[in-house]
Each structure stands twice: as C-alpha cells, then as structure tokens.
Amino acid sequence: MRVGILSFAHVHAEGYAEVLRGLPGVELVGFCDPDDARAGRFARVYGLRRYGSAEALLAEGLDAVAVTSENALHRPLVEAAARAGTAVLVEKPIATTVEDALAMRRAVEAAGVPFMTAFPMRFSPAVRAARAMILEDRIGPVRALVGVNHSENPRRHRAWFADPELAGGGAVMDHTVHLADLYRWFLGEEVAEVYAEISNPFDPEVEVDTAGLLSLRMAGGASASIDASWSRPAHYPRWGHLQIEAVGERGTLVLDAFAGHLHGWTAGGYRWLGYHPDPARAMWQAFLTSVREEREPPVTWRDGFEAMRVALAAYRSAREGRPVAPAEL
Amino acid sequence: MRIGLAGAGTMARVHAAAYRRMGAELVAVYAPNRAASASLAEAFDLEPFEDYRRFLDAVDLVDVVAPTYVHEPLAREALQAGKDVILEKPMALDAASGRRILEAARSHRRRLFVAMVLRFFPQYRRAAELVRAGAVGRLGVVRLKRVSFPPRIDWYRDPRRSGGAIVDLMIHDLDYARWLLGDPVRVFARRVAVGEGEHVQALLRFPGGALAWIEGGWAYPEGHFRTGFDLAGDAGVLEWRSDDPPPVRTVFSDRAPPPEVGLPMAGLEEDPYELELRHALSAIATGAPFEVAPEDALAALELALAVRASAEGVA
C-alpha cells in the first residue's frame, strides 16, 4: 500500500515514519511539511521525498496518509485528503475545537473516506490484556480508575506544543485524550462529568498549562482521574508513563504500559529502554488492514471526538470552577 | 515517667510493643471492661484498669489509643487530671471536638502530642527533607496514594465512630500535603463505594498553582495495602511506592493471614511508631516543641472534613 505523511510537526510522525518503512507491503511515498528546516531534516534522516504541498503528495494516488500537523491544523489536511479520496489516520487530539472536529467528519463522510483516530495505546499488548481482564469480569464491576499519563515537556522537541493557538492548550490538551479514550474503551461508556485543576508550575516561559489533574465521573458512576502533567524532568529515564489502576469490586488491576524496560546506563546516562513491541506498529497494521478490506477502522472519528471533548471540558471546568459535562460542548 | 494506654486494640498493641523496645515505663492499660484488656495486659505485663479515674492515678502520661469516637472524653479527662497526653490520629471526629481537646491542653498546661505517624516514616521524612532542601525545585504536582482493605473491626467501618476512610486514613496524606505545600485554596473530591469499603480521589490546589492528587480508601481485597508518592518539582521528581521491593523479602509457600486493620510498616529497625513515640517522650521530658504540633493535627482534620464534604457534594 502507498502511504504518505502530512507534516512532521507532531513528534509522533517520526515514529510513524520508522514504522512505515519497516512494514512489509507498504511504500512510504513521501511527506509534505511547510517548515523548510524541519522538512530538510526529516528528508535527510529518513531519505524521504518532500512534496511542496499536501495536494501534490495526495495527487500521487495514495491509499492512506497520516495527518500529523499541529493539533489546530488537522482540518485542512483532512479535508484535502478527503477530496483526494485518501484514508486518514489523524493524530490525537483530532482537533482543538468541536467545530473543526465536526467539519472533518463532514468531509470524510461526504467523500466516503475512512477516518481513524491515532490512539496507539489501544494496540499495546499490556493495555489489551488489562481490558480483557476487565471484560472477563476478573476484578468485578469497576468503581474507580486512576490514571497517569505524565511526561516531560514536549516543547523541548517542538515549540508549538506550548503554543495555545497551534496546540489548543498545553499538557491537558496533549495527554488527556489517551486515558479518556482508554477509560471509554475499558468501560464501554462515556465520560459524564469533568472537574479539572489546571496550572503552570513547570515552565514559566510558556503561556499554556504544564500541569492538569482531572476528576471524572463515568456515565455508570465510576470515579476516574487523569494526571496529564508535563511533570517529568528532562533528565528522567524516559519520556514519562502511561499507568491505569482499575479498582473493582473483587480486586484491583494495576497497568503500567511501559513497565517492560531494561535499566540502561548508556552514553546518555541512566535510561529505561523498552523492549516490548511498538504499539504504533500494530496501530498502523490495523489501520491499513481496515482500509484494504474496506472495513470501519478500529478507532473511529467518534472515539477521537469524545476524548477531545473531555479535554475541552477540562479547560472549561478550570475556567468556570465547576464540573462540566463533555456533552455541553 | 509512668505511661498508661487508654485503649486495648490494634494501635494499643503497636504502641505497647514500641514502648517495650525503647525501654519506656509502660505500666497500665485502661479499657471499659476487663475482657478487652486482658490479653494486652498479660502480653505486656500491665496493670489493667476498668475505672478511668483510678487508671489516671496510676500513670503520669496517657497514650489515648482508643477508638476515635471516645478520644475527646478520654483526652480531656486526662489533661484535666494533670496528665500529658499522646493522642492517636485522627485527633477527633469533628473540628469543634478537636479544638476542645487543644483548649483543654492549653488551660491545664499539659503537653498534647497527636500521633501523626506518617511524618515519622523514613521515606516520607527523607522526601520532605529533600523537597525543603530544593532537590526537585518548586513543587508542581504531588501524587499521594494510600489504599487498604476495609477494616474488620466494626467501629472503623462506621463513619459516625471513625470518620470513615477520609478522616481515618487519607488524613495521613492530607497532613503530608500540608507539610509540603501548606494549606490548599481549593479541594474537590469524588468518593465511590467499593464492596463494603470506599474509594476516594481528591484534587487540591495550593497558592502559587501547585496541585495535589490524593487517593485513599478501603477498597482492596483483604490483606492488601498500597501506598506511594510522586513529588514533581520544576527541577526533578521524587518517587516511592510500597510496590517496590523492600530491603528484606522472604519467599515461602504459605501466606500469613491478614491482620484485622491494615497498617503500613517501614520495616527493619526504623519502626515509625517507635520513632514517633520516642520523639514525643523526649520532647515531653525536655520541654522541646513537637515536630508535628497539635495545631497541625487539627488543620489536617479540618482538611479531611473539607475533602469529605466535597465528596458528599456539600459545598
């Protein structure tokens, strides 16, 4: 299958390029990126052809593209891909406003183009095993979820992550959606209410939030929390964590998705070096398979939309000092 | 200094063992009926009392390790009788009761030590010292966990007598958060029932924008107790969790039955209960200030009550 990458703005685009070059039967045709410095770097690093515009790349008649631009700039790329009849894998959060998200849905539905939200953690073996245990009722009904998806400050890699216009927010916009999606996926129900405390204790040079704690009520009554902070220092042994504890009636499940790691004392100092397969690879395989077999992608626009609304509800909650229902947005 | 235990339950046993190890003069135990104190009196060779007045005549210092709902009458009567008092946490069931105990200590000029034992756990103490020394910069997000199983003793499970998991258990971490960050400006909490127990997640916001997430509850199957902290500052992070391997471990085929009430233990010779009581006795003997003032214990109780009110939807 012939695949392209629309922008290297998001750090995940690099990982996708690695994955796509290693997938059998996949040709990574090229990429576009309006930033010359960034484009030059990735053209060199990956030996990839750069196209002058998304339209030029899409004119190659691709089967699928990754939309990995800045959060606020997904919409024009998705609309361009839809016009070209190309399936899209859209980076999370899928947008920074409800309006943009709805416009993307209209575009892909009108064109009959598959849309998948890039939630790679759904393809982590550890996450899948945890979900299976919940679905098999091993811990009984889930009453509480405790989630940590904190990380280092991504601004060190890409400045726009801390640009309120391009990112739509800071740490809360960056991280909330992963856990919000997994909670929905684990329990099969929506987030009914969000209360959030949002702050910037970690980076005085940016306007956006660098710390966010969310308290959620799931539709079925479970209490859930999300730590979406950029609270890990640059010298932390890894970028951060994705952890969930599910407190059930009969037991508690403790998930640490990246716990499988070597203790490495390498040239860069002490590092945690993961040895499990990259969930992004399984995500791409699932996406491309669904496109080839003309089935609905395993993670939908709706999944991306609902998770995004939780992040937006968190910002509104912090602004207004009250619990907010995502459905209000 | 003759010490007497007012109470003969789980904490009485823990304190008695600590007094014995440190060679303190533990002489008496009070319980409203002899049957309750018999085994403790025998195990530690203590004179048992059923009459609180006569018990007070036999001791110089009273360690109130009775259930929370009788803290106030026992502590106030002891203070009134001119005895110094060590009082188990939580000091009382409500703030007014806590204030009355403080006032009794003041008016009778006796020492009152509230046993906020978490401050004597070596890992919590070391982390607080490191934070004070600037090892992680300015704190931004503090995460504190303390989840156990529902106690098998009736009064603990009755919120009218124990205050519930927030007042009885989460108070440790609320006190620790205050120790690190001072008084919060805002509190939001959710509580859910888990079987016969409860699970609580609280968000706190502090002046200057630091945040804390605190998890507490009696929500695990019997015998399980997990604690931990993650203190993130703008220059570094301190992490500890009870899931980490302890300094000494055993691998046996049989498992000991779980205790009636989950108690975190630090292990090895640095028993925090002993450190705490050693400190209290020494400060009382020398007249030195306590490392955790009764006013701090009262503030922690007030914070716990605020968290509980938020969890109950009371503004």
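The values are calculated or read from the model by the stated rules, or taken from the named source; none is laboratory data. Quick caveat, the model's predicted, so the values are computed rather than measured. Here the Cβ is made from the backbone with ideal geometry for all residues, glycine too, and neighbour counts use every protein chain on show. Accessible surface is based on the protein model in full, side chains and every heavy atom, while ligands, DNA and RNA are left aside. Shrake-Rupley method; radii C 1.70, N 1.55, O 1.52, S 1.80 Å.
So here's what we get for this one:
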{"read-out": "Any hit, the range A:130-151, residues being within 16 Å of A:V11 (Cα to Cα) and surrounded by fewer than 23 Cβ atoms within 10 Å (Cβ to Cβ)", "value": "yes"}
{"read-out": "Residue list for the range A:34-53, restricted to those being more than 14 Å from A:A80 (Cβ to Cβ), surrounded by 13 or more Cβ atoms within 10 Å (Cβ to Cβ) and either of a type outside the set (G, A, S) or not assigned by TED's automatic domain parsing to the domain that holds A:L77 (or both)", "value": "A:D35, A:R38, A:R41, A:F42, A:Y46, A:L48, A:R49, A:R50"}
{"read-out": "Some residue of the range A:179-196 being within 30 Å of A:A39 (Cβ to Cβ) and either surrounded by fewer than 24 Cβ atoms within 10 Å (Cβ to Cβ) or in contact with a Leu (Cβ under 9 Å, 6 or more places away or on another chain) (or both)", "value": "no"}
{"read-out": "Scan of the range A:64-76 for residues that are surrounded by 24 or more Cβ atoms within 10 Å (Cβ to Cβ) and farther than 16 Å from A:G112 by Cα, ordered by number", "value": "A:A66, A:V67, A:T68, A:S69, A:N71, A:H74"}
{"read-out": "Considering residues of the range A:228-249 that are over 21 Å from A:R158 (Cβ atoms) and within 7 Å of chain B (Cβ to nearest Cβ) only, the residue farthest from the chain's Cα centre (by Cα)", "value": "A:E249"}
{"read-out": "In the range B:294-307, residue farthest from B:Q201 (Cα to Cα) [restricted to those that are out of contact with any Lys or Arg (no Cβ under 8 Å at 6 or more places or on another chain) and open to solvent by less than 30 Å² (accessible area, probe 1.4 Å)]", "value": "B:P294"}
{"read-out": "Selection status of B:V167, of a type in the set (A, V, I, L, M, F, W, C), within 30 Å of A:P141 (Cβ to Cβ) and more than 10 Å from chain A (Cβ to nearest Cβ)", "value": "yes"}
{"read-out": "Search result, residues across the range B:176-194 that are in a helix (DSSP H, G or I), away from chain A (no Cβ under 12 Å) and surrounded by fewer than 24 Cβ atoms within 10 Å (Cβ to Cβ)", "value": "B:R178, B:W179, B:L180"}
{"read-out": "Looking only at the range B:112-130, and only at residues there that are basic (K, R) and over 16 Å from B:A300 (Cα atoms), the one that is surrounded by the most Cβ atoms within 10 Å (Cβ to Cβ)", "value": "B:R125"}
{"read-out": "Enumerated strands (runs of 3 or more DSSP E) restricted to the range A:220-267, each holding at least 2 residues that are open to solvent by less than 10 Å² (accessible area, probe 1.4 Å) and touching a Leu at 6+ places or on another chain (Cβ under 6 Å)", "value": "A:223-227, A:243-248"}
{"read-out": "Qualifying residues in the range A:284-308 (those that are open to solvent by 30 Å² or more (accessible area, probe 1.4 Å) and in a helix (DSSP H, G or I)) - the one farthest from B:R205 (Cα to Cα)", "value": "A:R292"}
{"read-out": "Residue within the range B:241-254 that is of a type in the set (A, V, I, L, M) and at pLDDT below 95 present", "value": "yes"}
{"read-out": "Check on B:S148, touching a residue at least 40 places away in the same chain (Cβ under 8 Å), out of contact with any helix residue (DSSP H, G or I) (no Cβ under 6 Å at 6 or more places or on another chain) and buried (at least 19 other Cβ atoms within 10 Å of the Cβ)", "value": "yes"}
{"read-out": "The lone exception for B:A133 - which of (1) open to solvent by 60 Å² or more (accessible area, probe 1.4 Å); (2) closer than 27 Å to B:Y156 by Cβ it fails", "value": "(2)"}
{"read-out": "Any pair with Cβ under 9 angstrom, 6 or more apart, that starts in the range A:137-160 at a residue that is within 9 Å of chain B (Cβ to nearest Cβ) and within 19 Å of A:N200 (Cα to Cα) and ends at one that is charged (D, E, K, R) and in a loop (DSSP other than H, G, I, E, B)", "value": "A:H150/A:R232"}
{"read-out": "Which numbered condition A:A311 fails, given (1) open to solvent by less than 40 Å² (accessible area, probe 1.4 Å); (2) more than 15 Å from the chain's Cα centre (by Cα); (3) modelled with pLDDT of 95 or more", "value": "(2)"}
{"read-out": "Residue ranges of strands (runs of 3 or more DSSP E) in the range B:195-247 with at least 1 members more than 10 Å from chain A (Cβ to nearest Cβ) and open to solvent by 50 Å² or more (accessible area, probe 1.4 Å)", "value": "B:236-241"}
{"read-out": "Any hit, the range A:96-119, residues being open to solvent by 10 Å² or more (accessible area, probe 1.4 Å), over 30 Å from A:L253 (Cβ atoms) and aromatic (F, W, Y)", "value": "yes"}
{"read-out": "A:W230 touching a residue at least 40 places away in the same chain (Cβ under 8 Å) and in contact with an Asp or Glu (Cβ under 6 Å, 6 or more places away or on another chain)", "value": "no"}
{"read-out": "Pair list, Cβ < 6 Å and 6+ apart or interchain, from the range A:82-104 residues that are closer than 11 Å to A:G168 by Cβ and outside any loop (DSSP other than H, G, I, E, B) to residues that are open to solvent by 10 Å² or more (accessible area, probe 1.4 Å) and not hydrophobic (A, V, I, L, M, F, W, C)", "value": "A:D100/A:R75"}
